[in-house]
Amino acid sequence: MAPVRLRDIRKNFERVEVLKGVDLDIADGEFVSLVGPSGCGKSTLLRIIAGLESQTSGRIEIGSENVDGMPPATRNLAMVFQSYALYPHLSVFDNIAVPLRMRRLSRLQRAPLLRWIVPGTRGHERSIKGDIIQVAELLGLQDLLGRKPAQLSGGQRQRVAVGRAIVREPRAFLLDEPLSNLDAKLRVHMRTEIAQLHRRLGATFIYVTHDQAEAMTMSDRIAVMMDGNIVQVGTPDQIYDDPQDLRVAEFIGSPKINVLDASVDADGRIGLAGVALPLALRRGSADKVRIGLRPEALRLVPMREALIDGIVAHRENLGAEVLLHLDVPASAQPVIVRLDHGKARTVAIGAKVGVTFAPETALCFDAAGRRLPLVETAMLREAVHG
Amino acid sequence: MADGSGLLASPQAPVASTPHRAQLYMLKRALATISLLLPAVALMLLLLIGPVATVVVMSLTDYQLGAAAWSFVGLHNYVELFGDRVFWQSLRNTLMYVAIVVPASVALGLGTALLIEARSSLRFFYRSVFFIPVMATLIAMAISWEYMLHPQFGLINLMLKAIGLPAQAWLSDPALVLPTLAVIGVWQLFGFNMVLFLAGLVSIPHYLYEAAEMDGARSAWSRFRLVTWPMLGPVTMFVVLISAIRSFQVFDTVHVLTKGGPSKASEVLLYTMYSEGFEFFRSGLAATIAVVFLAFVLLLTLVKARILDKRVHY
């Protein structure tokens, strides 16, 4: 087990710059997700850590050892591939045995037939078998050891791929979208299993995903990547509650955060389509801003107390909660309000409703998408609560 | 096909109310099936099964090419063939030729395919160069080889002399003639095998090599053993079979270069068949050799279907 440290990693494919100077410190035993939309460079970064791809510039340290230029086999990392990459001609047992045989047996001990007359092969094979049985028990693969990958379901193949990774003790585990080929139900289940596996092994996990829910549910920390940069690194709570960039706020959270264009007057007070909001910026920091409001930060209120009003265009009933889509004049996109099951019962499509929010739940971004600090004044507080 | 189109035009026929109409429907259906099968069956009978059956029947007769009369002689031709020293020599030579050409052309084809696949530069050039012998007319190539192998002024002997080695009588030394023909066979065949292996290599998913590297396969050899060789299993099977059948059919080079000589040292099965049938006009005996030849090809195909298919397909 080891910490992983990335310093100013850059990668060019031909003339395209895929990674633009990535810095990241991953502590020993930490579960870090690299999350971002497709094409943001997260998989390339993982492959560079693995050694399957070489960086154009920058340094990688694994356990305080510089691994630049080292081939993947000597970095002692384990990887779970999106396609699982199981060897189709080998049984489950032999698939899991590959990394052990490659490392514990000499070249002669791996040679076909000849291997059995080389001293030590039998002893090694016995210990390998013991290790595989242990892993199979941990992952519930005992009954599948004799099967070929083609005879397994997607979920079982995924388990075998995980088994092949954990059977030895690598310095870190790299997981490249391991759940994206599974159906929705199994994906949710495997999320829990992988998180539990991480707790049990206490090993360093680097997990690449485009699914923000996977990142939020499993990680100790999340690194959100956009266009070849890490935009923000933090715990799931920090990333969700305190995004430093509009792209992060929009990427994390489902349904997506509502973003409204707002204007700022000379005193820094923020107004939305002529309605003054209980929000203000430091004087002169910007004249146009974008306000981000999470769907659960909005609540229905009588029209006279409303800060935003709109017409209910659509209702999504998810059982425990209801999502209202409101057509709001100030926004091209519908504003989504998340309500508890009981509270939306009376709201019909086509009705005009008013919503409000607590000032501290609003997130303010400048035109370039950078987060701006809000100031709260006594007067504004009065305007809301009085 | 009036009945066929009538059938298609009345899909409601099966729900007909009377038993009579149901019977009529079944009859129409059977007629349609037969008329649709007929063209394919007729062609197969005419072009494949018919000739094979004719050859088998002919092998039981004393028919001579051009003769007006013939009679059945039972297994006489087989008895004569299996008692003939030349036939056994011919069979031995053919098997020896196959035993040299198949492993050499498969190994060489795989080797060149791996080398070409390893580097991206000049891939197209090498692929074309090694494929040229496959496309060339073998008779013409055999004539070129004849001059290259000429004992006095052939290019090969001149080169040997130039580096101080003794010249060889490639085509007239009984010990050398079969290996020499085999080398020409390999030269002609391995480019074809290479192309098949190249296609097989391209279809191996790249992530398997990456998984192998992560799993600790440091050397190219261990990655070859872990991924390439097993994944090429079906292609290798096919290549071995095709090479075996094609080298079993060796004839052109023998006919042009040696005529089976010297003293039957390069006599091969198809050449024996040719000389029996078209030089001595003993068509019955030639047909018998053809049946033996057919049996070998059938055996190879069965071996592929029965044993090896199960082991190389996933």
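A few points about this structure:
- Qualifying positions in region B:260-283 - on the phi > 0 side of the Ramachandran plot and modelled with pLDDT of 85 or more: none
- Residue that is surrounded by the fewest Cβ atoms within 10 Å (Cβ to Cβ) [pool: residues in region A:99-127 that are over 43 Å from the mean Cα position of the chain (by Cα), among the aliphatic types (A, V, I, L, M) and under 22 Å from B:Val227 (Cα atoms)]: A:Leu113
- Among the helices (runs of 4 or more DSSP H) confined to region B:209-263, the ones with at least 2 residues that are within 14 Å of chain A (Cβ to nearest Cβ) are located at B:220-223, B:233-248.
- Selection of region A:289-309 for residues being under 20 Å from A:Gly274 (Cβ atoms) and either free of Cβ contacts under 8 Å to residues at least 24 places away in the same chain or of a type in the set (Lys, Arg) (or both) yields A:Arg290, A:Arg304.
Residues are listed down the side, and each one gets a yes or a no for (1) among the basic types (Lys, Arg); (2) in contact with an Asp or Glu (Cβ under 8 Å, 6 or more places away or on another chain); (3) surrounded by 14 or more Cβ atoms within 10 Å (Cβ to Cβ); (4) more than 26 Å from A:Arg247 (Cβ to Cβ):
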site	(1), (2), (3), (4)
A:Val275	no, no, no, yes
A:Arg282	yes, no, no, no
A:Ala286	no, yes, yes, no
A:Leu293	no, no, yes, no
A:Glu296	no, no, yes, no
A:Arg299	yes, no, yes, yes
A:Arg304	yes, no, no, yes
A:Leu307	no, no, yes, no
A:Arg315	yes, no, yes, yes
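- Region A:181-197: number of residues that are farther than 21 Å from A:Asp220 by Cβ, touching a residue at least 12 places away in the same chain (Cβ under 8 Å) and of a type in the set (Lys, Arg): 0
- Scanning region A:1-51 for residues that are part of a strand (DSSP E or B) and within 14 Å of chain B (Cβ to nearest Cβ) turns up nothing.
- A:Val208 being buried (at least 19 other Cβ atoms within 10 Å of the Cβ) and more than 13 Å from the chain's Cα centre (by Cα): no
- Taken over region B:43-70, the criterion of being on the phi < 0 side of the Ramachandran plot and of a type outside the set (A, V, I, L, M) is satisfied by B:Gly50, B:Pro51, B:Thr54, B:Ser59, B:Thr61, B:Asp62, B:Tyr63, B:Gln64, B:Trp70.
- Residue match in region B:226-249 (condition: within 13 Å of A:Val98 (Cα to Cα) and either at pLDDT below 90 or surrounded by fewer than 19 Cβ atoms within 10 Å (Cβ to Cβ) (or both)): no
- Residues considered: B:Gly164, B:Gly185. Of these, the only one that is out of contact with any Lys or Arg (no Cβ under 7 Å at 6 or more places or on another chain) and surrounded by 16 or more Cβ atoms within 10 Å (Cβ to Cβ) is B:Gly185.
- Number of the exception - A:Tyr207 against (1) assigned to a loop (DSSP other than H, G, I, E, B); (2) in contact with a helix residue (DSSP H, G or I) (Cβ under 7 Å, 6 or more places away or on another chain); (3) not polar (S, T, N, Q): (1)
- Taken as a whole, the condition of being within 22 Å of A:Pro373 (Cα to Cα), modelled with pLDDT of 90 or more and not in a helix (DSSP H, G or I) does not apply to A:Ile222.
- In summary, B:Leu110 fulfils each of the numbered conditions (1) closer than 15 Å to B:Leu196 by Cα; (2) not in a helix (DSSP H, G or I) with the single exception of condition (2).
- Every condition in (1) surrounded by 20 or more Cβ atoms within 10 Å (Cβ to Cβ); (2) outside any helix (DSSP H, G or I) is met by A:Ser54 except one, and the failing one is (1).
- Candidate set: region A:36-77, residues that are in contact with a strand residue (DSSP E or B) (Cβ under 7 Å, 6 or more places away or on another chain) and among the β-branched types (Val, Ile, Thr); chosen: the one nearest to A:His210 (Cα to Cα): A:Thr44
- Among (1) over 21 Å from A:Gln142 (Cβ atoms); (2) part of a helix (DSSP H, G or I); (3) in contact with a helix residue (DSSP H, G or I) (Cβ under 7 Å, 6 or more places away or on another chain); (4) not acidic (Asp, Glu), the one test that A:Arg187 misses: (3)
- Region A:201-241, residues that are among the charged types (D, E, K, R) and either touching a residue at least 60 places away in the same chain (Cβ under 8 Å) or closer than 20 Å to A:Arg47 by Cβ (or both): A:Asp211, A:Glu214, A:Asp220, A:Arg221, A:Asp227
- Screening region A:265-363 for strands (runs of 3 or more DSSP E) wholly inside it with 3 or more residues that are more than 19 Å from A:Pro255 (Cα to Cα) returns the ranges A:269-272, A:275-281, A:352-357.
- The condition (being over 18 Å from A:Ala344 (Cα atoms) and either touching a helix residue (DSSP H, G or I) at 6+ places or on another chain (Cβ under 9 Å) or modelled with pLDDT under 85 (or both)) is satisfied by just one residue among A:Leu293, A:Leu246: A:Leu293.
- Check on A:Met216, modelled with pLDDT under 90 and buried (at least 18 other Cβ atoms within 10 Å of the Cβ): no
The values are calculated or read from the model by the stated rules, or taken from the named source; none is laboratory data. Since this is a predicted model, take the numbers as computed values, not measurements. Positions of Cβ are generated from backbone atoms using ideal geometry, with glycine treated the same way; all protein chains shown enter the neighbour counts.
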